[in-house]
Each structure stands twice: as C-alpha cells, then as structure tokens.
1. Determine ³J(HN,Hα), in whole Hz, for all residues of the range 45-54 in sequence, where each value follows from phi through the Karplus function 6.51 cos²θ - 1.76 cosθ + 1.60 and θ = phi - 60°; x replaces Gly and Pro.
2. Calculate, in nm to one decimal, what LEU383 and ASN47 gain on full extension: separation in residues at 0.36 nm each, minus their alpha carbon distance.
3. Please give the peptides 407-420, 240-253, 60-73 ranked by average Cβ packing (other Cβ atoms within 10 Å per residue), highest first, as a rough proxy for protection.
4. Obtain the nm distance between the two label points defined at ASP32 and ASP288 by a simple spin-label model: each point lies 7 Å from its Cα along the Cα-to-C-beta direction.
5. Provide the net charge surrounding LYS31, with neighbours chosen by a C-beta distance below 12 Å and charges set as Lys +1, Arg +1, Asp -1, Glu -1.
6. How many nm is it between the label spots at THR19 and GLU305, if each spot is 7 Å from the Cα in line with the beta carbon?
7. Checking the table LYS149/LYS193; LYS166/LYS206; LYS59/LYS166; LYS85/LYS149 against a 20 Å threshold on Cα-Cα, which pairs fail?
8. Under 9 Å from the Cβ of GLU418, count the other residues' Cβ atoms, weight Lys and Arg +1, Asp and Glu -1, and hand me the total.
Amino acid sequence: MADQGGSNHGIARTSRTRTEEQRQKDLERIKDYRDLEDQVRAHAAKNDFSADVFALTSKLLRLNPEYYTVWNVRRRCLISGLLSKPSPGSSPSKASPTSSPTATTTTSSAECSSSLSTETPPAPECPTTGKSGTTAETEADKEDEEQKKQQNKEQDQQNDQQILQKELHFTIPLLLESPKCYWIWSYRLWILKQVIERLSVPVARKIWEEELGLTSKMLLRDQRNFHAWGYRRHVVEQLESPALEGKSLVESEFEFTTKKIEQNLSNFSAWHSRSKLIPRLLDERNADDEARKAFFEEELNKIGEAINVGPDDQSLWYYHQFLMLNLVSFVGHPTITPAFTQEERVTYLQREIEGIQELLEDYDDAKLIYEALFDYTLYLCQLQERKPNEQEEEDLKSWLAQLKKLDPMRSGRWADLERDLGLRVVEEA
C-alpha cells in the first residue's frame with residue numbers, strides 16, 4: 001500500500017500494535033486490493049480501456065495513489081473513448097480562420113466564368129440550375145453542414161470540460177491524503193494540458209487560475225511542500241504563456257513569497273522561489289542602477305534580521321549566499337547588481353563577514369556561521385584575485401577546526417578543504 005503522505009515536517013511517525021481481529025481485516029483488505037489490481041491489469045493487457053475499466057482505476061487509485069501504472073491506464077481510458085477525438089492539427093485555443101461561404105461562392109463563380117469563356121453551351125460541371133435546385137441551395141447545404149460540425153464541436157467541448165473538471169476533482173481528496181505523491185501532481189498536469197488542447201481559451205484560463213488557487217490552499221496546509229511549490233511555478237508559467245493569453249505574474253508571485261516568508265522564516269521553498277523571481281522582477285520594473293542597489297540592500301537587511309533570529313536555519317543561509325554570489329559570480333548570469341563597482345562589491349562582502357563574526361559572540365556553537373565565514377572569506381579572495389593573507393589563513397584554520405568539532409559526520413569534506421587550501425588545522429584536545 002502507498003505511504004499516505006509520509007511524515008510531515010516536525011511530525012514523527014508512530015507505530016501501532018494490532019489485534020488478531022485487526023490483522024485478519026488487514027489480510028482481507030489486501031486480498032481485495034490484489035483482486036482489484038489483477039482485474040485492471042487483465043483488462044489493460046487486452047487493450048480494454050472501457051468505462052468499466054475506468055471505474056476500476058478509480059477504486060484502485062483511492063487505495064493506492066502511488067500506483068503510477070494505473071494512472072497511465074486511466075489516461076488510456078480517457079483518450080480511448082471518454083474524451084472526444086480532437087481534429088488533426090486543430091485546437092480550440094489556436095483555431096485557424098476558415099473560408100467563408102462568400103469566398104467559396106466567389107471561387108465557384110470564377111471557375112464558371114472561365115468555363116463559359118471557352119465553351120458554348122455552358123459546361124454541365126457549372127450549372128446555374130438543375131433538377132435538384134440551384135447553386136445557392138448547394139451553398140445552403142454546406143452552411144448547414146458547417147453549422148452541424150460547429151454544434152458537434154461545441155458539444156464535444158462541453159463534454160470534455162465536464163470530464164476534465166471531474167478528473168481534477170477526483171484527485172483533490174487524494175492530494176489531501178498524500179500531498180507529496182508525485183504521480184497525483186503529474187496526472188493533474190496532464191489533465192490541465194488536455195484543458196489547453198481541448199477547450200476554449202477563456203474556459204481553459206479559468207480552470208488554470210483555479211489551479212493556482214489550489215496550490216495556495218495546499219501551501220496553507222504545509223507551507224514547505226516542495227511538490228506544491230514546484231507545481232505552482234509550472235502553473236504560473238502556463239498562465240503567463242500565449243496559449244492562455246497570459247501576462248506576467250512576477251509581481252504577485254514575488255509578493256506571495258514575501259507573505260509566506262513572513263509566516264515562516266524557515267520556508268526554504270519560498271526563499272528559493274524568491275531568488276528565481278528577482279532577475280525578472282527587476283527587468284520588468286525597468287529598475288535602474290539606483291533602484292537595483294536599493295533593492296539589494298533591502299533584501300540584505302531582510303535576510304540579515306532573519307539570521308539574527310535563527311542562525312541555525314539553513315534556509316536563511318541559502319538565501320544569504322544567493323545574495324553574496326550576486327557580488328562574486330555576476331558575469332554571464334542574471335544578477336541584481338550588474339553595475340556595482342569592484343570597490344562596492346568588496347565593501348559589501350567585508351561588511352557581511354564582519355557582521356557574521358559578531359554573531360559568534362552569542363552563537364559560538366552554530367555550525368552554519370562558521371561555514372558562512374569560511375565560504376565568504378574565500379569569496380572575498382576570489383573577488384580580489386588573491387590568496388588569503390596571514391590573518392585570513394589563521395581565521396580559516398580556526399573556523400575549520402570548529403567545523404570538524406561541531407560536524408564530525410562530514411569529516412571527509414573538512415579534510416578535503418584542509419588539503420585543497422593547504423591548511424594545517426591543529427584540533428583542540
């Protein structure tokens with residue numbers, strides 16, 4: 001059976017003891033599950049993807065949403081009969097203009113005129129009258145046929161919309177039970193892809209906007225669910241795309257990360273999404289050098305205050321390192337600070353190193369502080385294209401000795417750093 005959601009952040013798994021009666025009930029459930037699995041596999045082996053098989057997949061996936069093969073069977077059931085057959089090369093959201101009846105009539109008249117100019121009497125292929133009626137009646141028949149096709153198309157779209165929305169609703173209880181199940185998220189994306197391909201743009205866009213709302217609700221339940229964060233980025237990308245007549249959502253998404261960070265400073269995914277949004281945000285704001293500098297300082301102050309509160313929080317140091325790398329690795333990469341001078345970059349980096357050293361007065365056992373000091377000192381040397389000076393080398397040895405003491409599980413990494421930098425660290429007895 002599937003792990004129904006796994007352990008959430010900070011919530012330990014618990015074990016339970018079973019009575020003999022409970023054990024027998026479990027065995028019965030396992031037998032029923034195996035029988036159901038055998039039925040689905042037998043039908044799939046015979047390429048039977050009927051509505052009955054579709055119903056069987058519903059039962060099986062409610063028991064085990066991790067069963068990706070059954071999700072694939074469910075897809076086959078949809079495209080093999082439940083959903084309409086799309087016209088080759090056509091999509092409701094990308095419909096190409098069709099020839100009008102007027103254009104058709106004009107072409108026919110031209111052909112008849114050409115025929116009349118070369119033959120007498122008129123050729124029978126271009127009659128003006130006939131036993132069954134006139135050319136106008138023929139055109140009326142074509143219009144009726146086109147109208148019927150359009151009605152059938154609209155009916156197919158309505159049917160597809162009902163089925164696709166039911167599928168999205170089907171997965172919601174499964175997501176609530178198993179919010180980190182990759183296969184549920186993957187299936188929803190496939191359904192949403194069908195929405196774009198089969199439905200009109202206004203209808204498809206509304207459904208995708210509702211999906212963005214779903215991710216917000218999922219992130220209320222677990223603010224650090226990285227599956228939901230990654231899924232949200234994909235939904236936003238589609239809502240911004242030409243296929244859904246989209247426009248940029250970078251401002252609202254940046255504000256969303258701010259809200260989530262204010263609710264929980266340890267939200268690694270929110271900090272990560274923020275770092276990905278910033279280059280676009282500044283470009284779309286047409287931020288000049290002064291605006292970029294002010295933005296950089298604001299972000300630096302924000303993360304600095306957070307680190308003062310939680311110096312053991314790895315997610316905070318991740319974002320702080322992102323900002324520091326904007327000072328060091330700025331060539332050929334999107335950056336907040338393209339116009340900073342060398343002197344400005346060095347000044348910012350030195351100021352951060354000094355501020356972090358002050359943290360040691362209150363947190364001398366915080367491993368992440370020593371790691372940051374070690375890395376940023378090397379960044380400074382890289383920026384100035386030099387080797388560590390005598391004082392810096394002594395500091396590096398001291399910080400490395402503390403890292404060996406505080407994190408012996410990574411002794412191999414510390415040994416590699418010691419060897420690569422030519423440091424001889426004397427460990428305390």
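No value in this document is a laboratory result; all are computed from the given coordinates. Keep in mind that this is a model prediction, so the values were computed, not measured. Neighbour counts are summed over all protein chains in view; Cβ atoms, including those assigned to glycine, are modelled from backbone coordinates with ideal geometry.
1. With the stated coefficients, the range 45-54 comes to 5, 9, 6, 9, 10, 7, 4, 5, 5, 4 Hz.
2. Values: separation 336, 0.36 × 336 = 120.96 nm, distance 6.29 nm.
Computed gain between LEU383 and ASN47 is 114.7 nm.
3. Details: 407-420: 12.3, 240-253: 14.5, 60-73: 18.4.
My ranking of the peptides, most packed first, is 60-73, 240-253, 407-420.
4. Result for the modelled spin labels: 7.1 nm.
5. Numbers: positive: LYS25, ARG29, ARG34; negative: ASP26, GLU28, ASP32, ASP35, GLU37, ASP38.
Taking every Cβ under 12 Å from that of LYS31, the sum is -3.
6. 5.7 nm
7. Where the Cα-Cα span goes over 20 Å, the pairs concerned are LYS149/LYS193.
8. Values: positive: LYS397, LYS404, ARG419, ARG424; negative: ASP416, ASP420.
Local charge sum for GLU418: +2.
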